[in-house]
Each structure stands twice: as C-alpha cells, then as structure tokens.
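Below is one structure, written out as structure tokens; the observations come after it.
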Amino acid sequence: MIESRIRIALQKNGRLAEDSIALLGKCGLHITRSKDQLFCRIKELPIDLLLLRDDDIPHFIHDGICDLGIVGENVYAETQATKDDDFAATIVDRLGFSQCRLSIAVPENLDFVNAQSLAGLTIATSYPALLKKFLRAENVAAKTLLMKGAVEVAPRLKIADAICDIVASGATLAANNLKEVAVLLRSEALLIRAATKLSPEKEDVIARLVARMRGSIQAEDSKYIMLHADKNKIDEIVRYLPGAETPTILPLNGAPDKYAIHAVCRETVFWETMENLQAAGASAILVLPIEKMLARDA
Ligand code: PRT
Ligand code: ZN
C-alpha cells in the first residue's frame, strides 16, 4: 500500500550525499541511482528516497512531503530559527558525519575583543536567522547581508566587514586572510523526522530503520577485543577495557589458570589501551572490527 511507504529526503549531491547513502547501505538499503534521478524506490523495505538540495530537506519534512531526512544541523537550525515555534520537524539522532561549525570570522588585522567588537559592522552570511539570533543574544547592533555563496570573499570585495559561515578545517578562512572569532553552532549530520505521529505501519518502518542506523553507528565506534591472561590478572585487565560490558571469560584448553577474555568495547581502542593491557599481563591481544550490532538498548 502506498500510504505505508515512508519517504526519506537526502541530499542529492554535495558533502552530505555520499555518507548519507553509505549509512543507508549499512542498514541494508541498497540504492542504485543514475546521476539525475530524484526519486528511488528501495526494494528491501517500504521506503522511497527523494534526492534534494540540502536546504529543501527540513521544508519537505515540515510540509509533510517526506517523513524522515538527513541534513546538516546548520541547515536544520537555520530553518528552525526562521520558522520559530511553527516547525514540524524534530531531531531523531545525531549521525556523527559532516562535522563543521558556523562561525563569525573577521579580517586578520581587525582588533576583536568580544562580540561588541562587531557593533556597527556589516556581516555577510547564508545563515541570517542564526546570525540575528546570536547578535540579539549578545546585544550587538550589526548589519546582516544575505549572500547565498562565496561568502568568504565579501570582506575582500568590501561589501561586508565580517562573515558568518561554515568552517571545517579553517583552510578557506586562512586563504582569505580571515580569522575565526566566535562559534555560533557546532554541527553534524542529523536524522530528522516529521513531528507528528504517523500511521502505525510507517512508525514501524521508521523504528526498524532507526534501530539499524544506531546499530551500524555503534558498530563503527565499537571493537571486539580478545586476549589471554592469568587468572589473578583478570580483574585488573578488565578495568582497562574501554566501555566494555561484562566480558566473557573462557578457560584455555591445556593451560590451567590461563583464560581468554572476550569483550565488546564501545569506545575507541587506542594503541595506548593495548599497551596498558599488555603491561597488566595480557597477551595475544586481538582487536577486531564489528560489522553490525543490534543491542536491546540500541
Ligand atoms: O547543493 P546543495 O544546496 O544541496 O549543497 P550545499 O552546497 O548547500 O552544501 P554542501 O554540500 O557544501 O554541504 C552540505 C553540508 O555539509 C553543510 O550544510 C554542512 O552541514 C556540512 N559541511 C561540512 C560543510 C562543510 N563541512 C564545509 N566545509 N558545508 C560547507 N563547507 C564549506 C564552507 O561553506 C566553506 O566554504 O567549505 C568551506 C569551509 O571549509 P574549510 O575546510 O576550508 O574550513
Ligand atoms: Zn544548500
């Protein structure tokens, strides 16, 4: 039935597109698409995909055209700030990719002490609602100039004194002799959904997909660790296992008092962690990637 298929809005091309499609792939949704296809039907689950410009994604959910979407927090927050209380899209999960920040930057030679240093300046941005909110909160009177792209060149062209734009590595700012002076928002990709409750069939598909997404994100951050240890070293070794739940402890055949410890570590296992485990008496330490995970609390 058409009504029980859910629609997911994804970015068509750009910095979010590849990771969004890859995440859905890890959830068992295999997408084959031609370059200019806007609509994809998923075979495995009752799901259709709409491939859009990222700026349209929150609006498509707000308007009830799509049920779920993946979008940068910067775009979500800007749309929310524009619509005030009347915004029918909510955050389901933070997805961890496309990390960046929305910041104010000024020419390197401008003296900046605090937000008051921006008083009387013109600030170019593609995020007018978030910028105005920041200026209001800081009680600064500055002018906002809306630019849809190439914001970083505005000070050089003398059409603005400062900018409020997305920063990731900082290379663009450096190349334009600008310095970052205030962070308005730290952003990452978000899974967002319609704020209203959908039909039980749709809610069921969404719940399954969200559990799979959480499982694959958790699996990415987790490792399966196996090692050997003497019985009297087990307690100390277990304390060094990062984010491990109760480990499995198995006797080793033919080696009395020697055990194998197996555990899922839900945090990064660094070389230092392995060195600490070794110093505490562990041997034969193996760290393995986990492909999928479906825990009760996922
Ligand atoms: O065509 P469409 O409208 O869909 O895409 P878009 O061009 O508006 O967005 P796109 O694909 O560039 O970015 C999509 C999302 O990725 C953004 O909304 C952010 O959430 C996130 N993201 C992560 C970034 C960056 N990193 C990023 N570096 N978005 C933009 N940039 C740009 C930024 O605008 C600046 O020009 O990269 C430059 C800064 O990068 P650094 O590394 O030099 O600091
Ligand atoms: Zn965009």
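We did not get these values from a lab; they are worked out from the coordinates using the rules stated. Only a predicted model underlies this, so the values are computations on that prediction, with no experimental measurement involved. Here the Cβ positions follow ideal geometry from the backbone for every residue, glycine too, while neighbour counts run over all protein chains shown.
When each of LEU16, LEU190, LEU286 is scored by the number of other beta-carbon atoms lying within 10 Å, the sequence from fewest to most is LEU286, LEU16, LEU190. Just checking the listed ones, GLU275, GLU203, GLU152: in the Gaussian network model of the chain with Cα springs under 10 Å, the one fluctuating most is GLU275.
Which whole-number percent is the relative contact order of region 114-194 (Cα, under 8 Å, 6+ apart)? Dividing the mean separation by the residue count of region 114-194 yields 30 percent. Per-residue ellipticity at 222 nm computed for the chain from its helices equals -8000 deg cm²/dmol, with DSSP H segments shorter than 4 residues left out and the rest contributing -39,500 (n - 2.57). Specify the inter-centroid distance of region 219-298 and region 106-150, based on alpha-carbon positions, in whole Å. Rounded to whole Å, the Cα centres lie 50 Å apart. Evaluated with a Cβ-only charge set (Lys, Arg +1; Asp, Glu -1), region 178-268 carries a dipole of roughly 220 debye about its Cα centre, given to the nearest 20. Using the Cβ-Cβ distance between ALA150 and ASP36 with R0 = 22 Å, the FRET efficiency computed as 1/(1 + (r/R0)^6) comes to roughly 0.30.
Think of each Lys and Arg Cβ as +1 and each Asp and Glu Cβ as -1; about the Cα centre, that makes the dipole of the chain roughly 480 debye. Computed extension length for ALA141-ALA295: 50.4 nm, one decimal, from 0.36 nm per residue of separation with the Cα-Cα distance subtracted.
Charge dipole of region 52-131 (Cα centre as origin; +1 on each Lys and Arg Cβ, -1 on each Asp and Glu Cβ, all else neutral): 220 debye, rounded to the nearest 20. In the chain, taking the dipole from charged Cβ atoms about the Cα centre, the farthest positive-side position among PRO289, CYS66, VAL106 is held by CYS66.
Please tell me which of these pairs span more than 28 angstrom C-alpha to C-alpha: LYS43/LYS83; LYS158/LYS179; LYS133/LYS179? Pairs exceeding the cut-off: LYS43/LYS83. Between amide H atoms placed 1.01 Å from N, distances below 5 Å from GLY72 occur with LEU190, all of them 5 or more places distant or on a separate chain.
Which shape class, rounded, prolate or oblate, goes with region 152-253 when its Cα gyration tensor gives a ≥ b ≥ c as root eigenvalues, a/c under 1.5 marks rounded, and past that a/b bigger than b/c marks prolate? It comes out oblate by the Cα gyration axes.
In the chain, the longest principal axis of the Cα atoms and the axis of helix 17-26 are about 30 degrees apart.
Under 1.5 on a/c is rounded, so check that first for region 50-144, then, if it is not, pick prolate when a/b is larger than b/c and oblate when it is not; a ≥ b ≥ c are the square roots of the alpha carbon gyration tensor eigenvalues. It comes out prolate by the Cα gyration axes. What the phi angles of region 112-124 give under the Karplus curve with 6.51, -1.76 and 1.60, with θ = phi - 60°, is a coupling list of 10, 9, 8, 3, 4, 5, 8, 4, x, 7, 9, 10, 7 Hz, glycine and proline written as x.
Among THR246, THR172, which comes first, then next, by fewest other beta-carbon atoms within 10 Å?
Taking fewest neighbouring Cβ atoms as first place, the list is THR246, THR172.
Shape class for the chain, computed from the alpha carbon gyration tensor (a ≥ b ≥ c): oblate, with a/c not under 1.5 and a/b at or below b/c. When you restrict to C-alpha pairs under 8 Å that are six or more residues apart and normalise by the size of the chain, the relative contact order lands at 18 percent.
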